[in-house]
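Values in this text are rule-based calculations from the coordinates and carry no lab data. Because the structure is a prediction, the values reported are computed rather than measured. Cβ coordinates were reconstructed from backbone atoms using ideal geometry, including for glycine residues, and neighbour counts include every protein chain displayed.
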Ligand code: SF4
Ligand code: SF4
């Protein structure tokens, strides 16, 4: 949508912004690319900590700072029964272990009551989701009406895909393979299907997983089409999204607290594009800030990791490198 609003160009089906001559990046990513070109590796992230915390804030946190430390920096939680989401409410993921460290890609931590509908929705299994969809989808069309990809002209009709749940995947119809066109934005589940509380997004994700496991490739590759007439009338304002998602009370301006100081980090080695990185340090090694602690696997796309605090290596395995300051 951003590409279309700014340039009037529609990304082709199954394509990337680059296919229409555009590169989309976050401001902080561009700033960090510029710093890396000058020799300064990425060791910190600006992270917003908000929701059920006493002091909603933005901090510059070392990569690998634990969720628990960052929530404490935000004044702790207002209630006891809560869950953490790494990322935004639509596309973020539930955090299983507060002692894990934030990733290169973490930009927000959302703290919500454990009984909040967003948390409950994220906890549902795909089997529960399928059963609920099969029994409760009333084919009202709202998910298709508000789907950004549909309105941009892509051949994606979420309500039709909801009809296919009992179909045979050995000869998938176009409404099943259209799973390759879903951006997983969450508009259908969080805003459109607000009465039934169903998730076309999860159904698409499951279809896509199954199609990929069967070796089926995306057959939808149309290009050169324009956005649908409905595009301009189906945008949803941020205030409406916040109300629909039960988040309006958390829409406060966070305070900027500067650098978050932590005594230890647990750096995840797989939260980036490509193959997980391989640790190149061992327990007991002393590291300085910015020393390389993990490198991309030979011949594979990946990322290197650098010490985000100075100290001693305390843990090394295939998933994490721990440093005590
Ligand atoms: S909005 Fe919900 S109930 Fe309506 S068609 Fe879509 S999934 Fe079914
Ligand atoms: S998540 Fe839903 S609204 Fe978003 S692109 Fe997929 S089907 Fe459309």
Self-check item: 222 nm mean residue ellipticity, helices alone, for the chain (DSSP H n ≥ 4; -39,500 (n - 2.57); rounded to 500)
Solution: -6500 deg cm²/dmol
Quiz item: Which angle from 0 to 90°, rounded to the nearest 10, does the C-alpha axis of helix 27-37 make with the longest principal axis of the chain?
Solution: 50 degrees
Quiz item: If each of residue 184 and residue 290 carries a label point 7 Å out from its Cα toward its Cβ, how far apart are those two points in nm?
Solution: 3.4 nm
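When only Cα pairs under 8 Å and 6 or more residues apart are kept, what is the percent relative contact order across the chain?
Relative contact order, the chain: 19 percent.
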Quiz item: Say we join alpha carbon atoms closer than 10 Å with springs in a Gaussian network model of the chain; which of 234, 50, 106 then has the biggest fluctuation?
Solution: 234
Self-check item: Distance histogram for region 124-244 (every C-alpha pair counted, 10 angstrom bins, percent rounded to whole numbers)
Solution: 13, 46, 33, 8, 0
Practice problem: Round to the nearest 10 and give me the degree value, 0 to 90, for the angle of helix 200-213's Cα axis relative to the longest principal axis of the chain. | Solution: 80 degrees
Quiz item: How would you rank 226, 69, 317, going from fewest to most other Cβ atoms within 10 Å of each one's own Cβ?
Solution: 317, 226, 69
Practice problem: Rounded to the nearest Å, what's the spacing between the alpha carbon centres of region 1-76 and region 156-202? Just the number, please. | Solution: 28 Å
Practice problem: Can you tell me how much longer the chain between residue 297 and residue 214 gets when fully stretched, taken as 0.36 nm per residue apart minus their C-alpha distance, in nm with one decimal? | Solution: 27.2 nm
Practice problem: Note down the nm distance, to one decimal, between modelled labels 7 Å out along Cα→Cβ at residue 221 and at residue 195. | Solution: 4.1 nm
Quiz item: How big is D, in µm² s⁻¹, for the chain by Stokes-Einstein at 20 °C and 1.002 mPa s if Rh is the Kirkwood radius over C-alpha pairs?
Solution: 98 µm²/s
Quiz item: Is region 1-90 best put as rounded, prolate or oblate by its Cα gyration tensor, with a ≥ b ≥ c the root eigenvalues, rounded for a/c under 1.5, and otherwise prolate when a/b is larger than b/c, oblate when not?
Solution: oblate
Quiz prompt | region 210-238-region 108-135 distance, computed between alpha-carbon centres (Å) | solution = 24 Å
Quiz item: How far apart, in nm, are the 7 Å Cα→Cβ label points at residue 242 and residue 128?
Solution: 2.9 nm
Practice problem: For the chain, give the share of DSSP beta bridges that are antiparallel, in percent and rounded to the nearest 5; count only bridges with both residues there. | Solution: 80 percent
Quiz prompt | Additional length obtainable on full extension of the chain from residue 18 to residue 117, 0.36 nm per residue less Cα span | solution = 32.0 nm
Self-check item: Shape call, region 264-325: gyration tensor on alpha carbons, a/c limit 1.5
Solution: prolate
